[in-house]
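Values in this text are rule-based calculations from the coordinates and carry no lab data. Remember, it's a predicted structure, so these values are computed and weren't measured experimentally. Here the Cβ positions follow ideal geometry from the backbone for every residue, glycine too, while neighbour counts run over all protein chains shown.
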Amino acid sequence: MPTSRPVVTRFAPSPTGYMHLGHAYAALFAWRAARTVGGRFQIRIEDIDKGRCRPAFADAIVEDLDWLGLDWDGPVMRQSDNLADYGRAIERLEALDVLYPCFCTRSEIRAEIARADAAPHGPDGALYPGTCRVLSRDQRRARIALGRPFALRLNMDKAMALAGPLDWHDRALGRQPCDPAGAGDVVVARKDTPTSYHLAVCVDDHRQGVTLVTRGEDLFQATHIHRLIQALLGLDVPAWHHHPLITDSTGARLAKRNRAMTLRALRQAGKYPAQVRAMIGFES
Ligand code: GLU
């Protein structure tokens with residue numbers, strides 16, 4: 001259990017829209033976890049999804065964090081600047097022989113799940129059914145030679161066997177046995193980007209020296225995957241603190257999808273930063 005290291009936290013938004021109250025809560029949570037113990041707080045823009053992320057939103061998030069009264073250490077990191085690092089991590093995983101190319105399209109995966117009698121399921125629904133895991137070396141080569149685009153998936157059973165039993169520490173819930181099997185063969189490099197969310201988070205938390213990952217409890221299951229990737233790559237292991245997601249008065253989650261109020265809208269409506277902080281329980 002990592003307790004003696006200085007606390008280093010981060011806020012890692014994806015710039016797919018303006019910052020809303022849910023983001024503000026996550027940012028303040030990470031900032032407070034560091035600042036109350038004299039630790040470091042960093043910002044990382046998770047912008048690898050070219051289809052959904054916009055540089056203008058990244059700039060707006062940084063501006064809104066500043067308006068909200070947060071300060072941070074070091075430059076703002078952007079994942080799109082780190083693609084070479086992710087490529088090196090992929091090479092290391094390839095050397096361990098725990099990856100395979102997956103040529104399936106989304107609709108092929110859906111059709112295969114519908115067809116299979118006993119498609120594997122995890123906590124978040126149907127898992128990748130393993131179609132490309134069983135391709136022979138020659139079949140893979142032939143498809144690659146034809147120029148078929150492919151993602152790289154982690155062979156979960158093989159990776160777990162290689163890493164052996166693992167656990168991780170959640171500050172709120174204590175020791176957690178690491179059980180990533182429920183995620184199936186996750187993608188570590190997308191067809192359009194030489195990484196995925198899971199891989200990039202692990203590489204960057206290590207590189208930024210993060211010792212405490214604070215984030216919403218919606219990412220609790222992802223932590224099992226991250227702990228495994230860290231073990232495979234020999235990366236530093238942080239502690240985690242998954243916090244509840246803030247909800248409105250009806251109990252609905254405040255997220256972009258249900259048009260939560262953006263900080264911009266609140267600011268334009270005349271709210272002060274202290275009032276916005278108080279709305280989400282940060283009174284000081
Ligand atoms: N970029 C992720 C998001 O916006 C957060 C990743 C993390 O905190 O590990 O949901």
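Tell me, what does the Kirkwood hydrodynamic radius of the stretch 1-118 come to in angstroms if you use every pair of distinct C-alpha atoms? Provide the component values of the computation, followed by the final result.
Numbers: mean 1/r = 0.0580 Å⁻¹.
Value: 17.2 Å, from the Cα pair sum.
State to the nearest 20 debye the size of the charge dipole of the stretch 130-240 about its Cα centre, where the only charges are +1 on K and R beta carbons and -1 on D and E beta carbons.
On the way: 15 positive and 12 negative charges, 134 e Å.
So the magnitude is around 640 debye.
If I build a Gaussian network model for the chain, linking alpha-carbon pairs within less than 10 angstrom, which residue out of Pro194, Pro120, Pro13 has the largest mean-square fluctuation?
Among Pro194, Pro120, Pro13, the largest GNM mean-square fluctuation belongs to Pro120.
If I stretch the segment between Leu173 and Ala56 completely, what's the gain in nm (0.36 nm per residue apart, minus their alpha carbon distance), one decimal? Present the calculation step by step, with values, prior to reporting the outcome.
Details: separation 117, 0.36 × 117 = 42.12 nm, distance 3.72 nm.
In short, 38.4 nm is gained.
Mind checking which of Leu83, Ala239, Ile225 is farthest towards the positive end of the chain's charge dipole, using Cβ charges of +1 (Lys, Arg) and -1 (Asp, Glu) about the Cα centre?
The residue sitting most towards the positive pole is Leu83.
Run the numbers for Ile144 and Asp117: contour at 0.36 nm per residue of separation, minus the present Cα-Cα distance, in nm. Write down the numbers at each step before the final one.
Details: separation 27, 0.36 × 27 = 9.72 nm, distance 2.96 nm.
Answer, rounded to one decimal: 6.8 nm.
List the residues whose amide H sits under 5 Å from the amide H of Val213, counting only those 5 or more places along or on another chain, with H placed 1.01 Å from N in the peptide plane.
Ala239, Trp240, His241
Share of antiparallel DSSP beta bridges in the chain, in percent to the nearest 5? Show your work: numbers first, answer last.
Numbers: 14 of 26 bridges.
Of the beta bridges lying entirely in the chain, close to 55 percent run antiparallel.
Between Asp124 and Arg88, what is the FRET efficiency for a Förster distance of 22 Å, r being their Cβ-Cβ separation, to the nearest 0.05?
Working: r = 29 Å, r/R0 = 1.33.
Given R0 = 22 Å and the Cβ-Cβ separation, E is 0.15.
Given only helices, namely DSSP H runs of n ≥ 4 each adding -39500 (n - 2.57), what is the per-residue ellipticity at 222 nm of the chain, to the nearest 500 deg cm²/dmol?
Numbers: 10 runs with 107 residues, N = 284.
That calculation yields -11500 deg cm²/dmol at 222 nm.
Relative to the present Cα-Cα distance, how much length would full extension add between Glu108 and Ala274 at 0.36 nm per residue of separation?
Numbers: separation 166, 0.36 × 166 = 59.76 nm, distance 5.00 nm.
54.8 nm is the gain from fully extending Glu108 to Ala274.
Pull the list of the chain cysteines that no other Cys approaches to under 4.7 Å, Cβ to Cβ.
So far as the 4.7 Å Cβ criterion goes, Cys53, Cys104, Cys178, Cys202 stand without a partner in the chain.
Glu63 to Phe220: FRET efficiency via 1/(1 + (r/R0)^6), r the Cβ-Cβ distance, R0 35 Å, to the nearest 0.05? Each step should come with its number before you reach the end.
Working: r = 30 Å, r/R0 = 0.86.
After rounding, the FRET efficiency stands at 0.70.
If you place +1 on the Cβ of every Lys and Arg and -1 on the Cβ of every Asp and Glu, how big does the dipole about the Cα centre of the stretch 173-225 come out, in debye to the nearest 20? Display every interim value, and only then the final one.
Numbers: 5 positive and 7 negative charges, 24 e Å.
I would put it at about 120 debye.
Per residue of the stretch 10-19, what does 6.51 cos²θ - 1.76 cosθ + 1.60 with θ = phi - 60° give for ³J(HN,Hα)? Whole Hz please, x for Gly and Pro, Karplus curve as stated.
3J(HN,Hα) across the stretch 10-19, in whole Hz: 8, 10, 10, x, 9, x, 9, x, 6, 5.
How are the Cα pair distances of the stretch 81-229 distributed, in percent, across 5 Å bins from 0?
2, 8, 17, 21, 21, 16, 9, 4, 2, 0
Computed over the Cα atoms, what is the radius of gyration of the stretch 86-171 divided by 2.2 N^0.38 Å, N being its residue count?
On the way: Rg = 15.0 Å, N = 86, 2.2 N^0.38 = 12.0 Å.
Its radius of gyration relative to the 2.2 N^0.38 Å reference: 1.26.
For Leu127, enumerate residues with amide H under 5 Å from its amide H, sequence gap 5+ or separate chain, H modeled in the peptide plane.
Those lying under 5 Å, H to H, from Leu127 are His121, Gly122.
Only four residue types carry charge here, +1 at the Cβ of Lys and Arg and -1 at the Cβ of Asp and Glu. Report the dipole size of the chain about the Cα centre in Debye, rounded to the nearest 20. Provide the component values of the computation, followed by the final result.
Numbers: 38 positive and 32 negative charges, 95 e Å.
Here the size comes out at about 460 debye.
Quick check: net charge around Asp236, other residues with Cβ under 14 Å of its Cβ, Lys/Arg +1 and Asp/Glu -1?
Net of charged neighbours comes to +2.
Expressed in nm², what is the orientationally averaged projection area of the convex hull enclosing the Cα positions of the chain? Each step should come with its number before you reach the end.
On the way: hull surface 65.8 nm².
Mean shadow area of the hull around the Cα atoms is 16.5 nm².
Using a Förster distance of 41 Å, how high is the FRET efficiency between Lys158 and Asp73, based on the Cβ-Cβ distance and rounded to 0.05? Write out the running numbers ahead of the final one.
Values: r = 38 Å, r/R0 = 0.94.
With R0 = 41 Å, the Cβ-Cβ based efficiency is 0.60.
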